[in-house]
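Chemist: Here's a structure for you.
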Amino acid sequence: MKIVITENYQQLSQQAARIVAKAILANPGLVLGLATGDTPRGMYRYLVAFYREGLLDFSQITSFNLDEYVGIDPHDPHSYHFYMQENLMGQVNIPPENVHIPLGVAADLLEECRQFEQAIERVGGIELQVLGLGENGHIGFNEPGADWGSTTHLVELTEETRRANSRFFSPGEEIPKKALTMGIKTIMQASQILLLVSGERKGVTLAEVLFGPVTPRVPASVLQLHPKVTVLVDQNTTQFRQI
Ligand code: GLP
């Protein structure tokens with residue numbers, strides 16, 4: 001595991017974008033696993049800039065997103081479909097048919113999970129998976145207690161996660177109780193993983209993730225067992241700096 005501490009969020013975003021850009025330049029048909037949340041926004045901005053400058057071509061890229069809320073329509077601004085469209089897909093030349101995000105309004109959610117997993121298998125697996133970190137140590141929406149052997153599945157969100165994600169919803173708006181997420185097994189099968197961590201409240205969790213026991217109580221701790229992980233940490237994740 002390679003841990004890189006960056007001076008600030010901008011540097012974290014720049015370095016993350018460079019890692020993804022290098023992977024795309026080395027392999028124009030890269031299969032990318034992507035994340036949402038506030039943390040990767042800066043990375044997406046740099047990737048879009050590289051594309052606009054003519055450095056990157058997304059025309060042969062295939063992407064798979066980690067997760068999506070159940071019951072939220074892709075056109076709803078709260079959906080991860082919408083987020084991806086705004087932050088990346090709508091700004092670069094990735095063919096829409098190459099973009100895979102679990103559909104949280106599918107009539108048969110279990111079938112949706114099965115097809116999503118099959119689509120990953122069909123392209124030979126994810127080559128580079130970008131991850132963020134939930135305040136409670138979740139990756140994707142694999143909450144504490146997650147099953148190490150899980151593939152894409154339906155999950156109940158913890159109150160903690162719903163509270164943490166309430167910042168994306170206006171007061172009075174219903175925060176989803178369920179989501180579809182790649183499982184721990186799906187994530188661990190990626191050839192390479194890039195974990196991005198920024199946010200004052202994540203320091204203690206990150207210390208547990210990187211140096212604590214490998215336990216489903218802290219789902220991201222499983223990454224200690226992955227052969228090729230790079231962790232980019234914004235040093236403003238202050239509690240981590242103090243440990
Ligand atoms: C959500 C997503 C995760 C993401 C996490 C952290 O819960 N399901 O994939 O990593 O939020 O988000 P942020 O980067 O906004 O802190």
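Chemist: Mind listing whichever residues of the stretch 12-55 are part of a loop (DSSP other than H, G, I, E, B) and either away from the ligand (no atom under 12 Å from the Cβ) or in contact with a Lys or Arg (Cβ under 6 Å, 6 or more places away or on another chain) (or both)?
Modeler: Once the filter is applied, which keeps residues that are part of a loop (DSSP other than H, G, I, E, B) and either away from the ligand (no atom under 12 Å from the Cβ) or in contact with a Lys or Arg (Cβ under 6 Å, 6 or more places away or on another chain) (or both), the stretch 12-55 yields 27, 28, 29, 30, 53, 54, 55.
Chemist: Another question about this same structure. For the stretch 1-11, enumerate the residues that are of a type outside the set (Val, Ile, Thr) and not in a loop (DSSP other than H, G, I, E, B).
Modeler: 2, 9, 10, 11
Chemist: Among the residues of the stretch 146-156, what is the count of those that are surrounded by fewer than 23 Cβ atoms within 10 Å (Cβ to Cβ) and either farther than 15 Å from residue 185 by Cβ or of a type in the set (A, V, I, L, M) (or both)?
Modeler: Number of matching residues: 3.
Chemist: Take the stretch 104-131 and flag every residue that is outside any loop (DSSP other than H, G, I, E, B), within 16 Å of the ligand (Cβ to nearest atom) and farther than 13 Å from residue 152 by Cα.
Modeler: Result: 128, 129, 130, 131.
Chemist: Among the residues of the stretch 98-119, count how many are in contact with a strand residue (DSSP E or B) (Cβ under 7 Å, 6 or more places away or on another chain), of a type outside the set (A, V, I, L, M) and in contact (Cβ under 8 Å) with a residue 40 or more places away in the chain.
Modeler: Total satisfying the criteria: 5.
Chemist: Still on this structure: Can you pull out every residue in the stretch 142-172 that is near the ligand (Cβ under 8 Å from one of its atoms) and in contact with a Gly (Cβ under 8 Å, 6 or more places away or on another chain)?
Modeler: Answer for the stretch 142-172, where residues must be near the ligand (Cβ under 8 Å from one of its atoms) and in contact with a Gly (Cβ under 8 Å, 6 or more places away or on another chain): 161, 164.
Values in this text are rule-based calculations from the coordinates and carry no lab data. Keep in mind it's a predicted model, so treat the numbers as computed, not measured. Counting neighbours? That spans all protein chains shown, and the Cβs are built from the backbone with ideal geometry, glycine included.
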